[in-house]
Amino acid sequence: MQRIAVLTSGGDSSGMNPAIRAVTRKAIYHGIEVIGIKRGYTGFIEGEMSLLNLGSVADIIQRGGTMLFSARSEEFRTPEGRKKAFENVERFGIQGLIVIGGDGSFRGARQFHKEFGLPIIGVPGTIDNDIVGTDYSIGFDTAINTVVDAINKIRDTATSHERTFIVEVMGRDTGFIALTAGLAAGAESILIPEKPFSINDICHKLMQGHKRGKLHSIILVAEGASDSFDVASQIKEKTGFDTKVIILGHLQRGGAPTAYERVIGSCMGAKAVELLRNGEVLKMVGMQAGKIVALDIEDSALKKKPIDMDMYDLANILSI
Ligand code: F6P
């Protein structure tokens with residue numbers, strides 16, 4: 001194998017840069033050239049790509065975002081779009097591709113491999129941590145640390161004003177960010193799409209806490225669980241508590257990657273190169289029981305990752 005390419009696709013996540021750095025330097029170490037494709041599948045279709053060298057990936061390990069930019073490409077969903085991308089594979093002499101992204105990006109990768117046979121390795125990169133098979137996706141640790149840091153700050157003002165805060169976090173239709181950050185931040189209630197909730201139960205818990213002298217409460221809502229403003233107005237109506245909403249939004253996607261993120265991003269990026277060198281043609285890098293492993297990308301594209309209900313129950317018990 002003489003030349004491979006790397007791209008980042010879908011929602012960016014902190015830790016993508018360390019992964020790009022690892023792919024590039026590990027490949028060059030083995031005498032393989034690396035092409036960086038800009039703007040995900042959009043740049044793949046439009047031929048926005050150039051050779052990376054050791055210096056191209058210098059000074060990025062500590063930066064959030066992705067030096068290759070990212071996009072969600074509608075055109076890559078079409079056979080015409082994918083055909084254009086394959087013309088670039090031939091034009092640039094690409095013999096293998098590493099896709100850093102989420103399950104949508106992997107679905108595209110799988111389809112492309114089926115049609116054109118190009119060896120492709122996926123590296124899980126999404127703050128949502130919702131990819132089936134892998135315990136961890138690049139970006140999750142930085143995102144939950146950002147959420148916890150934000151909640152610490154919100155608690156200060158919530159205490160001063162004796163308020164209830166609804167904190168909305170990302171996660172699309174999953175609750176991994178909400179549950180993990182909620183446990184870490186000691187949120188009073190955590191609302192996730194995977195578990196139906198009752199406003200009456202939440203209000204009962206709030207009032208019990210208030211009776212015991214709690215000065216404030218934090219309710220963490222995953223974006224896919226409910227409308228935060230609706231939750232706030234129902235709580236206000238039923239309890240009379242001063243209730244505010246804060247939507248953390250895209251700040252969860254930015255920021256310097258944590259040390260853990262940099263280590264895992266580096267290990268996963270390097271593993272992807274190793275898999276291509278070993279002749280794998282369609283795999284995903286993942287983490288299982290703390291080890292970086294090769295997984296079947298088919299599973300990740302077709303199934304839904306289950307949430308840890310024991311962790312959910314524990315968060316409930318501890319937040320009494
Ligand atoms: O998948 C990552 C994610 O940040 C989700 O949590 C969120 O729902 C979505 O992307 C937002 O996408 P966009 O940046 O396109 O608004």
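FYI, it's all coordinate maths here, none of it is from the lab. None of these values were measured; they are calculated from a predicted model. Glycine gets a Cβ as well: all are built from the backbone with ideal geometry, and neighbour counts include every protein chain shown.
Given axes a ≥ b ≥ c from the Cα gyration tensor, I'd like to know whether the stretch 5-60 is rounded (a/c under 1.5), prolate (a/b larger than b/c) or oblate.
oblate
Number of Lys pairs in the stretch 205-302 with C-alpha atoms less than 22 angstrom apart, excluding same-chain neighbours closer than eight positions?
Taking the stretch 205-302 as the scope, the lysine pair count is 14.
Restricting attention to the stretch 27-88, which GluC sites (Glu not before Pro) occupy a DSSP loop and are surrounded by at most 13 other Cβ atoms within 10 Å?
When the GluC sites (Glu not before Pro) of the stretch 27-88 are filtered for loop state and at most 13 Cβ neighbours within 10 Å, Glu74 remain.
Each residue of the stretch 163-171 in turn: what ³J(HN,Hα) in whole Hz from Karplus with 6.51, -1.76, 1.60 and θ = phi - 60°, glycine and Pro shown as x?
Result, rounded to whole Hz: 10, 9, 10, 9, 10, 9, 10, 6, x.
Provide the net charge surrounding Val34, with neighbours chosen by a C-beta distance below 13 Å and charges set as Lys +1, Arg +1, Asp -1, Glu -1.
+4
Placing unit charges on C-beta atoms (Lys and Arg positive, Asp and Glu negative, everything else neutral), compute the dipole magnitude of the chain about its Cα centre in debye, rounded to 20. Each step should come with its number before you reach the end.
Details: 37 positive and 38 negative charges, 92 e Å.
So the dipole magnitude of the chain works out to roughly 440 debye.
Using only helices, what value at 222 nm comes out for the chain when you add -39,500 (n - 2.57) per DSSP H run of length 4 or more and divide by the total residues, to the nearest 500 deg cm²/dmol?
Theoretical 222 nm ellipticity from helices: -14000 deg cm²/dmol.
From the phi angles alone, apply the Karplus equation (6.51, -1.76, 1.60; θ = phi - 60°) to the stretch 56-70 and give each ³J(HN,Hα) in whole Hz, x where the residue is Gly or Pro.
Couplings: 4, 10, 6, 6, 10, 4, 9, 9, x, x, 9, 5, 8, 6, 9 Hz.
Identify the trypsin sites (Lys or Arg not before Pro) of the stretch 178-274 meeting these criteria: DSSP loop state and at most 11 other C-beta atoms within 10 Å of the C-beta.
Those satisfying the criteria are Arg212.
Roughly what % of Cα-Cα distances in the stretch 44-138 sit above 24 Å, to the whole percent?
Above the 24 Å cut-off, the stretch 44-138 has 26 percent of its Cα pairs.
Could you give me the ³J(HN,Hα) list for the stretch 127-138, computed from phi with Karplus coefficients 6.51, -1.76, 1.60 and θ = phi - 60°, whole Hz, x at Gly and Pro?
Running phi through 6.51 cos²θ - 1.76 cosθ + 1.60 with θ = phi - 60° gives 5, 5, 6, 10, 8, 4, x, 9, 6, 9, 10, 4 Hz.
Which of rounded, prolate, oblate describes the stretch 23-100, given a ≥ b ≥ c as roots of the alpha-carbon gyration tensor eigenvalues and a/c under 1.5 marking rounded, otherwise prolate only if a/b is larger than b/c?
Oblate is the answer for the stretch 23-100, as a/c is 1.5 or above yet b/c matches or exceeds a/b.
For the chain, rounded, prolate or oblate, judged on the Cα gyration tensor with a ≥ b ≥ c (square roots of eigenvalues), a/c < 1.5 rounded, else prolate if a/b > b/c?
Prolate shape, in that a/c is at least 1.5 and a/b is the bigger ratio.
Sum up the charges of everything whose Cβ sits under 10 Å from the Cβ of Lys304, counting Lys and Arg as +1 and Asp and Glu as -1, but leave Lys304 out.
Local charge sum for Lys304: -2.
So for the chain, averaging the separation of alpha carbon pairs under 8 Å that are six or more residues apart and normalising by length, what relative contact order in percent results?
On the way: 705 pairs, mean separation 75.8, N = 320.
Computed over the chain, the figure is 24 percent.
Could you tell me which of Ala232, Asn278, Met268 has its Cα farthest along the dipole of the stretch 203-320 towards the positive end, charges placed at Cβ (Lys, Arg +1; Asp, Glu -1), taken about the Cα centre?
Farthest towards the positive pole: Ala232.
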